[in-house]
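Some notes on the structure that comes next.
The values are calculated or read from the model by the stated rules, or taken from the named source; none is laboratory data. A quick note: this is a predicted structure, and the numbers were derived from the prediction, not measured. When we count neighbours, we look across all protein chains shown, and the Cβ atoms used for this are built from the backbone with ideal geometry, even at glycine.
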Ligand code: PAF
């Protein structure tokens, strides 16, 4: 009896152990720094829906928006040590981890959304996603932040000389800083969660971001002038922690990759919509919008920043991107 009881108890425990995973869904934490009404949030919603559907409830997704898990640089570090499962981040701070991505942040590199999306969805984008693996990161999909435009609280900026002397918050990205230095502004790198207060208190005069960010992070409350400079395309990427990734089966990894694509599509759709509708909304909210920008003047002014890139990293990636156009 004793032996039979022990066998039964062991079998019972083993069966209970087997049954557990399907009973309790694994929660995947996804962090990002923009508002829960933003393009990134639209991406997380679509990712969540698709992952939960594909995995039939094996995974559930919990969104942490608005920098609740820290700025983008801090969240990328969180992925490397496994305290966060997945992140949607701009490439702003990513070059500090994966220098090959710096090329994407060169000003006026991409001509329009189709051009940028085509490069990122093609071989170059895939090669860069694969590079994440060399730096304790997993690249799930290229998604999007959008073309960046300048805002400030001082004056209309319609030509490069109007920007001279302004103190502008930039991302923690040395290519962006080099370009702004060429424009004669004072670039002040700062993590995004600190930006609203810095603008409100006048620590900086301005910042630059895509329309979705200016609108949904309420930057219009503390900035009067918007110039549609579109001076750089800002890619975003969905990254996963290698610690999460290594614990997944091949089938589960496939679900994550497919869900990330769904997230990217939803994000891009919102970015495209707000590129026009959002500008109107910002006008209605009281911003003065300068839309007759001669971009070629800005492009000429920041051109020397390309040598800052090529001197350090050569021109291989740049040539590949240019020859793919
Ligand atoms: O300005 C930035 O840091 C980024 O564009 C943001 C708003 C965090 C989105 O990636």
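Some notes on this structure:
- Hits in the range 233-250 (condition: more than 16 Å from the ligand (Cβ to nearest atom) and either in contact (Cβ under 8 Å) with a residue 60 or more places away in the chain or in a helix (DSSP H, G or I) (or both)): 240, 241, 242, 243, 244, 245, 246, 250
- Condition check for residue 35: within 16 Å of the ligand (Cβ to nearest atom), assigned to a loop (DSSP other than H, G, I, E, B) and surrounded by fewer than 20 Cβ atoms within 10 Å (Cβ to Cβ): yes
- Cβ separations smaller than 7 Å between residues 6+ apart or across chains give no pair from the range 68-89 residues that are more than 20 Å from residue 144 (Cα to Cα) and assigned to a loop (DSSP other than H, G, I, E, B) to residues that are more than 15 Å from the ligand (Cβ to nearest atom) and at pLDDT below 95.
- Among the candidates 103, 119, 138, residue that is more than 24 Å from residue 66 (Cα to Cα), crowded, with 20+ Cβ neighbours inside 10 Å, under 16 Å from the mean Cα position of the chain (by Cα) and away from the ligand (no atom under 16 Å from the Cβ): 103
- Test set (1) more than 13 Å from residue 239 (Cβ to Cβ); (2) in contact with a strand residue (DSSP E or B) (Cβ under 7 Å, 6 or more places away or on another chain); (3) within 16 Å of the ligand (Cβ to nearest atom) - residue 70 fails condition number: (2)
- Yes/no for residue 28 being part of a strand (DSSP E or B), closer than 18 Å to residue 171 by Cα and either touching a residue at least 12 places away in the same chain (Cβ under 8 Å) or within 12 Å of the ligand (Cβ to nearest atom) (or both): no
- Neighbours by Cβ (under 8 Å, 6+ apart or cross-chain): first from the range 214-226, farther than 17 Å from residue 67 by Cβ; second within 13 Å of the ligand (Cβ to nearest atom) and assigned to a helix (DSSP H, G or I): 220/214; 223/199; 223/214; 226/214
- Filter result for residue 230 (closer than 23 Å to residue 211 by Cβ and either outside any helix (DSSP H, G or I) or modelled with pLDDT of 95 or more (or both)): yes
- Cross-chain or 6+ apart pairs with Cβ under 8 Å, the range 188-199 first and within 11 Å of residue 219 (Cα to Cα) and within 11 Å of the ligand (Cβ to nearest atom), then modelled with pLDDT of 95 or more and part of a helix (DSSP H, G or I): 195/219; 196/219
- Looking across 266, 300, one residue alone is in contact with a helix residue (DSSP H, G or I) (Cβ under 7 Å, 6 or more places away or on another chain) and closer than 30 Å to residue 214 by Cα. It is 266.
- Residue in the range 205-217 that is more than 10 Å from the ligand (Cβ to nearest atom), more than 28 Å from residue 42 (Cβ to Cβ) and crowded, with 17+ Cβ neighbours inside 10 Å present: yes
- Conditions (1) in contact with a strand residue (DSSP E or B) (Cβ under 9 Å, 6 or more places away or on another chain); (2) farther than 25 Å from residue 274 by Cβ; (3) surrounded by fewer than 19 Cβ atoms within 10 Å (Cβ to Cβ); number of the one not met by residue 198: (2)
- Scanning the range 121-147 for residues that are part of a loop (DSSP other than H, G, I, E, B) and in contact with a helix residue (DSSP H, G or I) (Cβ under 7 Å, 6 or more places away or on another chain) yields 136, 137.
- Number of positions in the range 101-120 that are part of a helix (DSSP H, G or I) and out of contact with any strand residue (DSSP E or B) (no Cβ under 7 Å at 6 or more places or on another chain): 9
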